[in-house]
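A.B. asks: I have a structure I would like to understand better, so I am pasting it below and will then ask my questions one at a time.
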Protein chains: 2
Amino acid sequence: MKELTEMGKRACEAKYVLGALSSEKKNAVLYRAAMLLRSGKEALLKANAEDIARARENGMKEAMIDRLTLNEKRIDGIAEGLEQVALLPDPIGEVMDHFTRPNGLDIEKVRVPLGVIGIIFESRPNVCADAFALTFKSGNAVILKGGSDALHTNLAIETLLRQALREEGVTEDAVQVIDSTDRAVTTAFMQMKEYVDVLIPRGGAGLIRSVVEHSTIPVIETGTGNCHVYVDESADLEMAVRIVVNAKTQRISVCNACESLVVHSAVKDRFLPMLKEALQPSGVEMRGDERVREVLPDIVPATEEDYGREYLDYILSLKTVDSTEEAIAHINRYNTHHSETIVTGTPEHAESFLNGVDAACVYVNASTRFTDGFEFGFGAEIGISTQKFHARGPMGLKELTSYKYKIRGNGQIRS
Amino acid sequence: MKELTEMGKRACEAKYVLGALSSEKKNAVLYRAAMLLRSGKEALLKANAEDIARARENGMKEAMIDRLTLNEKRIDGIAEGLEQVALLPDPIGEVMDHFTRPNGLDIEKVRVPLGVIGIIFESRPNVCADAFALTFKSGNAVILKGGSDALHTNLAIETLLRQALREEGVTEDAVQVIDSTDRAVTTAFMQMKEYVDVLIPRGGAGLIRSVVEHSTIPVIETGTGNCHVYVDESADLEMAVRIVVNAKTQRISVCNACESLVVHSAVKDRFLPMLKEALQPSGVEMRGDERVREVLPDIVPATEEDYGREYLDYILSLKTVDSTEEAIAHINRYNTHHSETIVTGTPEHAESFLNGVDAACVYVNASTRFTDGFEFGFGAEIGISTQKFHARGPMGLKELTSYKYKIRGNGQIRS
């Protein structure tokens, strides 16, 4: 683990430099990195081919291999991502509050970087460059631990990012990739509290659980989404069908996809057949409670377990309720505090739902699929926080910062 | 541990009610609790006498017994604290941001409670009522685990707080005190991630370390302060003496007291004798590096270990540097990111120090003793955060909140 400690120390030295960099310098690094990624395609594709060959040997499924694969278009996409972050406003140095106390002390609350951010991620190698762009623009040093399947690709990307830093005269230790596939190293990384200020896992529920369990560093939990659409008795049923179909099927593998439908008993007889027909083309399997099955007798019964599941698949659980209050209670019992929607024509029900549902993003008459840093106008995102601590919902540049108080006096002492 | 789980469940049920309470209702509970504390002095003093008797039997030192002791005046102080929190503005419901996206989605970022807050504290029983006031006013449910020495006192305070809640028709589970002195229960409490949203330890470095190590719940670290005063070459030396004396001796046992002095070599010969004389009446022991000891040859040499220590005692370590940069590097190496001061007449040095020092509160020409929720005008404080995550520096009501996004649409789906 000696090497890991060295990485931590280097990141800590780098953080003081990075926190003081001008926006111009940071943007110059990002543009140069984009250029180097484009001109370095050959090396990237070669490294990626090694990873793919090994993955095939290990019998990885094609869908997973696709996530791992780089091609010219994907590399261009990664480069564009870096340039987009360069265009975003720099959050560092923003005066968030400013006041003077009766004793004359002048207190400024100023936005500063978090320091050193650790990111543990799976599969897709674009995360490596994306995460660097966001953490670097917000003045942080980053240490990345990617999936072992993508190790060569991640290291090739790291080489180009560090070249960009070096050519701009900025410390290369702004980004470091852990060059190991040893699980013990990952566990040790999660406990480098002395050097790492926050740890962000990006990946499936298993990864996130493991990080939360083993980390002594503060963690931002991201991405598990058991999202609901509630169709109220006063809903525009055609709008409700469009929203459920979009939230369920537009992209099934994402955290803001709908996994469960809650329907008011007064409209279930009309709504459920409409919905079934609309979901037919995508082959969505429906699993309902008894009252749902009175209307759709040929669907599978839903179990307690179904209501707690994030399927990430063409499956939808269905639950009948008799009021907005019952819908809220059901959602708060089973959800992952990610994104929830009510479809309703009654403003009072909309307000009850907005206030009562415990989730990062609560919608009225819109698809849950909008929970996303780009859709929110943040310009980028490092993930969706499902915790209430530090940051909630889509996390952009500001969510990767902290603050300090600068206090100016003229000799004040406390009596 | 079954009982602990039941407490967690009850707090979770309470949190949805508390998050929706009006400011008027919350304030009515706080005023009633203050009244009941005043009229219930007899019961409180009786419970407190039991704790004190047991503490004496166990051979507790008198200084610690003093911290544990309630008397009429202290109970009045606790009641006043509740009333002061009632006077503070309610943070819940504040619209922190509001914007409309090109697709018409109207996005409001609204302040909400964190949910269930766990507080683990030592010694002083006033924490029980203070912590309830702040967590309750910010819409949270709280579960308190106090020191075993104060168990009877804490339970007596809990009884009155719950009576106030009941008489105002609010769920009593807004406050629950863990009725156990078993360490295993404390450890289990730190791992009630399913029910508790954030854990705040209030106490010494040992308690905080233990919580950070064992907790699976997000923790706000509070209170360890190895604070420095740096006397620059251009300092007004008389002001510097006043600030060091105040920061070191005004109250030695607190986290924002000065533990270490850093002095520029150009002024040490003039400054150190002045300081020594000024610290003499308080009997402060000075421990210096070689260059300090050239001026004050009869003081103890400072070791590496001294520079890393939070003495909380009449001891001061001293270090000589040749520049502001060296002072910043020394402080960032040894500090606990709490509060640091430069005494200087040079604006450029002040700005370098403000920007370069990594601490919650960085001062120019003022005592570190001002790092305090009341001194900052927050009206109250639950502690001083020394981490960068979620909250930094003095934590008042706002720091006990999170936010949610309320998004209003008219049928938007994602394409």
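The values are calculated or read from the model by the stated rules, or taken from the named source; none is laboratory data. Because the structure is a prediction, the values reported are computed rather than measured. Cβ placement follows ideal geometry from the backbone for every residue including glycine, while neighbour counts extend to all protein chains displayed.
A.B. asks: Of everything in the range B:279-300, what is out of contact with any strand residue (DSSP E or B) (no Cβ under 7 Å at 6 or more places or on another chain) and not hydrophobic (A, V, I, L, M, F, W, C)? Give them in sequence order.
C.D. replies: B:GLN280, B:PRO281, B:SER282, B:GLY283, B:GLU290, B:GLU294, B:PRO297, B:ASP298
A.B. asks: From the residues in the range A:275-293 that are in contact with a Ser or Thr (Cβ under 9 Å, 6 or more places away or on another chain) and surrounded by fewer than 15 Cβ atoms within 10 Å (Cβ to Cβ), which one is nearest to A:ASN246 (Cα to Cα)?
C.D. replies: A:SER282
A.B. asks: Looking at (1) in contact (Cβ under 8 Å) with a residue 60 or more places away in the chain; (2) closer than 19 Å to B:THR336 by Cβ; (3) under 25 Å from the mean Cα position of the chain (by Cα); (4) not in a loop (DSSP other than H, G, I, E, B), can you tell me which one B:GLU259 breaks?
C.D. replies: Result: B:GLU259 fails condition (1) only.
A.B. asks: Can I ask one more? Within the range B:28-49, can one find any residue that is over 28 Å from B:LYS404 (Cβ atoms), among the β-branched types (Val, Ile, Thr) and touching a helix residue (DSSP H, G or I) at 6+ places or on another chain (Cβ under 9 Å)?
C.D. replies: Among the residues of the range B:28-49, not one is over 28 Å from B:LYS404 (Cβ atoms), among the β-branched types (Val, Ile, Thr) and touching a helix residue (DSSP H, G or I) at 6+ places or on another chain (Cβ under 9 Å), which makes the answer no.
Condition check ((1) small (Gly, Ala, Ser); (2) within 13 Å of chain B (Cβ to nearest Cβ); (3) touching a strand residue (DSSP E or B) at 6+ places or on another chain (Cβ under 7 Å); (4) crowded, with 24+ Cβ neighbours inside 10 Å) across all residues:
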residue: A:GLU326; (1), (2), (3), (4): no, no, no, no
residue: A:ALA329; (1), (2), (3), (4): yes, yes, no, no
residue: A:ASN332; (1), (2), (3), (4): no, yes, no, no
residue: A:HIS338; (1), (2), (3), (4): no, yes, yes, yes
residue: A:ALA350; (1), (2), (3), (4): yes, yes, yes, no
residue: A:VAL364; (1), (2), (3), (4): no, yes, yes, no
residue: A:GLN387; (1), (2), (3), (4): no, yes, no, no
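A.B. asks: Anything in the range A:366-379 that is more than 7 Å from chain B (Cβ to nearest Cβ) and closer than 11 Å to A:GLU340 by Cα? List them, or say none.
C.D. replies: Within the range A:366-379, A:THR368, A:THR371 meet the criteria.
A.B. asks: Quick check on this structure: which one of A:ALA350, A:ALA380 is assigned by TED's automatic domain parsing to the domain that holds A:HIS264, more than 30 Å from A:ARG101 (Cβ to Cβ) and of a type outside the set (S, T, N, Q)?
C.D. replies: One residue alone meets the criteria, A:ALA350.
A.B. asks: Scanning the range A:222-242 for residues that are of a type in the set (Val, Ile, Thr) and under 22 Å from the mean Cα position of the chain (by Cα), which turns out nearest to the other protein chains (Cβ to nearest Cβ)?
C.D. replies: A:VAL229
A.B. asks: Another question, if that's okay. Which one of these does B:LYS109 not meet: (1) touching a residue at least 24 places away in the same chain (Cβ under 8 Å); (2) under 17 Å from A:ALA360 (Cβ atoms); (3) in contact with a Lys or Arg (Cβ under 7 Å, 6 or more places away or on another chain)?
C.D. replies: (3)
A.B. asks: Quick one: which of A:LYS406, A:LYS398 is under 18 Å from the mean Cα position of the chain (by Cα) and modelled with pLDDT of 95 or more?
C.D. replies: A:LYS398
A.B. asks: Another question about this same structure. Scan the range A:194-205 and tell me whether some residue there is over 25 Å from A:ASN126 (Cβ atoms) and outside the structural domain of A:ASN335 (by TED's automatic domain parsing).
C.D. replies: In the first step, residues of the range A:194-205 are kept if they are over 25 Å from A:ASN126 (Cβ atoms); the result is A:194-195.
Of the ones still in play, those that are also outside the structural domain of A:ASN335 (by TED's automatic domain parsing) are A:194-195.
The answer is yes; a qualifying residue exists.
A.B. asks: Just the residues that are free of Cβ contacts under 8 Å to residues at least 40 places away in the same chain, out of contact with any Phe, Trp or Tyr (no Cβ under 8 Å at 6 or more places or on another chain) and among the hydrophobic types (A, V, I, L, M, F, W, C), please, taken from the range A:284-314.
C.D. replies: The answer is A:MET286, A:VAL292, A:VAL295, A:LEU296, A:ILE299, A:VAL300, A:ALA302.
A.B. asks: If I filter the range A:240-257 for residues that are under 27 Å from A:PHE121 (Cβ atoms), in the same structural domain as A:GLU340 (by TED's automatic domain parsing) and among the charged types (D, E, K, R), do I get at least one hit?
C.D. replies: yes
A.B. asks: Give the range B:207-221 a look and list any residue that's over 15 Å from the mean Cα position of the chain (by Cα) and within 10 Å of chain A (Cβ to nearest Cβ), or say none.
C.D. replies: B:VAL212, B:GLU213, B:HIS214, B:SER215, B:THR216, B:ILE217, B:PRO218
A.B. asks: Here's another thing I want to ask about it. Inspect all residues belonging to the range B:289-300 and state whether any of them is under 31 Å from the mean Cα position of the chain (by Cα) and at pLDDT 95 or above.
C.D. replies: Step one: filter the range B:289-300 for residues under 31 Å from the mean Cα position of the chain (by Cα), giving none.
No: the range B:289-300 contains no residue that is under 31 Å from the mean Cα position of the chain (by Cα) and at pLDDT 95 or above.
A.B. asks: Can you name the residue in the range B:98-123 that is surrounded by fewer than 22 Cβ atoms within 10 Å (Cβ to Cβ) and more than 10 Å from every other protein chain (Cβ to nearest Cβ) and is also farthest from B:ALA188 (Cα to Cα) among such residues?
C.D. replies: Checking each candidate, the answer is B:HIS98.
A.B. asks: Provide a single number: the residues in the range B:328-374 that are within 14 Å of B:ASP232 (Cα to Cα) and under 17 Å from the mean Cα position of the chain (by Cα).
C.D. replies: Residues meeting the conditions: 1.
A.B. asks: Would you mind listing the helices (runs of 4 or more DSSP H) fully within the range A:5-92 where at least 1 residues are buried (at least 16 other Cβ atoms within 10 Å of the Cβ) and of a type in the set (Gly, Ala, Ser)? Talk me through it step by step, then tell me what you get.
C.D. replies: On the way: elements: A:23-39, A:41-57, A:62-68, A:72-87.
It comes to A:23-39, A:41-57, A:72-87.
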